[in-house]
Ligand SMILES: Cc1cc2nc3c(=O)[nH]c(=O)nc-3n(C[C@H](O)[C@H](O)[C@H](O)COP(=O)(O)OP(=O)(O)OC[C@H]3O[C@@H](n4cnc5c(N)ncnc54)[C@H](O)[C@@H]3O)c2cc1C
């Protein structure tokens, strides 16, 4: 199938992007196009028929990758591959998740913000954004607002974005002292979307856990974030360095998420299998994050 007819504009200023999106609203609807890696298949299958595509990749300020004290800011036109090359060490959880996003060719075109705006429930980057408490900057006719990742995703392929709004950047915290990260996923073939996956962040103070967060993805209409500080702290104080005992105890806490797996059985996996996966991958991600936290004594 071919896409339905559309017009295409490529502004070079952010104001003009917003003006074009606003104009498109009254003429049959518009869509931002960034890397096109998700949008073009949608158009080709006629799952969407926007009348105007507004290409944001020529807006200079959206192509910025800014490394500040304590955070990095990734502009909306920055490709995933560039982040993988330049920021993998600076934001380790992003660095661990990106190789799982499609293939290198896809990441050479796809953008980090495009993946967040697309809000696929099986996508890696929304889960990472939730796990790290990232903040999205959104611009539209009413001005600029900052939206925490926890408030951005509203369901499968849906977000708080209004029709004439776009994400201009995402700000991700860099690791603090004592923080560690884990990322686990299972896909049928490398580059496929995940059957299920988990991102974990744990913070320690000496031998005690002070924060633990787990995000499961591919298991519901959007990634699922849980604060597991209490069970993680209890498990660590009980079992210390005994990784096997730690794993068994944590698996019970991870069942919180596993029990809530609602993704229906499909040709790839049954719901029951996804539940088991969530339990295994979630536990493994937490244990990895705990081990990793030992290496980061300074921010
Ligand atoms: C073969 C293949 C395999 C893939 N595998 C994976 C995978 O395993 N995991 C995964 O996560 N993804 C996967 N993807 C998707 C890929 O990561 C996309 O690049 C990403 O989801 C969307 O980024 P994009 O820049 O290409 O956005 P586009 O395709 O340009 O846009 C996607 C949607 O987001 C909107 N949008 C884009 N940018 C903005 C913005 N700044 N503000 C507001 N709205 C915006 C668009 O209007 C559109 O609705 C795969 C894609 C392909 C083709």
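Using the alpha-carbon centroid of each, what span in Å lies between the range 207-243 and the range 29-49?
Taking the Cα centre of the range 29-49 as reference, the centre of the range 207-243 is 37 Å away.
How big is the Cα convex hull of the chain in projection, averaged over all directions, in nm²?
Spelled out: convex hull of the Cα atoms, projected over all directions, averaged, 15.4 nm².
In degrees from 0 to 90, rounded to the nearest 10, what is the angle of the helix 271-293 Cα long axis to the longest principal axis of the chain?
Compared with the principal axis, the helix lies near 70 degrees.
Extension gain residue 190-residue 291, at 0.36 nm per residue separation less the Cα-Cα distance, in nm?
33.8 nm
Name all residues of the range 35-55 having a backbone nitrogen under 20 Å from the label point set 7 Å from the Cα of residue 264 along its Cα→Cβ direction, giving them as ranges.
From the range 35-55, the list is 47.
In percent, what relative contact order does the range 3-123 have, based on Cα pairs under 8 Å that are 6 or more apart in sequence?
Computed value for the range 3-123: 25 percent relative contact order.
How do the peptides 143-150, 159-166 rank, highest first, by the average count of neighbouring beta carbon atoms within 10 Å per residue?
Top to bottom by mean Cβ count within 10 Å: 159-166, 143-150.
Treating the angle as unsigned and between 0 and 90°, give the value, to the nearest 10°, between the Cα long axis of helix 14-25 and the longest Cα principal axis of the chain.
70
Could you give the length gained on full extension between residue 227 and residue 205, defined as 0.36 nm per residue of separation minus the Cα-Cα distance, in nm?
Contour length minus Cα-Cα distance gives 6.2 nm.
I'd like to compare 62-72, 117-127: which one has the highest average count of other Cβ atoms within 10 Å, and what's the full order after that?
Output ranking for 62-72, 117-127: 117-127, 62-72.
What percent does the relative contact order of the range 7-55 come to when contacts are Cα pairs within less than 8 Å and at least six residues apart?
In percent, rounded to a whole number, it is 55.
Suppose only helical runs count, i.e. DSSP H with n ≥ 4. What mean residue ellipticity at 222 nm does that imply for the chain under -39500 (n - 2.57) per run, divided by all residues and rounded to the nearest 500 deg cm²/dmol?
Helices in the chain give a 222 nm mean residue ellipticity of -10500 deg cm²/dmol.
Among bridges DSSP assigns within the chain, what percent are antiparallel (round to 5)?
85
Contact order normalised by length for the chain, with contacts defined as Cα pairs under 8 Å and 6 or more residues apart; what percent is it?
It comes to 16 percent, rounded to a whole number.
Angle check, please: helix 229-239 long axis (alpha carbons) against the longest principal axis of the chain (alpha carbons), in degrees 0 to 90, nearest 10.
Here the helix axis deviates by roughly 30 degrees.
Every number in this text was worked out from the coordinates using simple rules, so none of it is lab data. Predicted, not measured: the structure shown is a model, and the values here were computed from it. Positions of Cβ are generated from backbone atoms using ideal geometry, with glycine treated the same way; all protein chains shown enter the neighbour counts.
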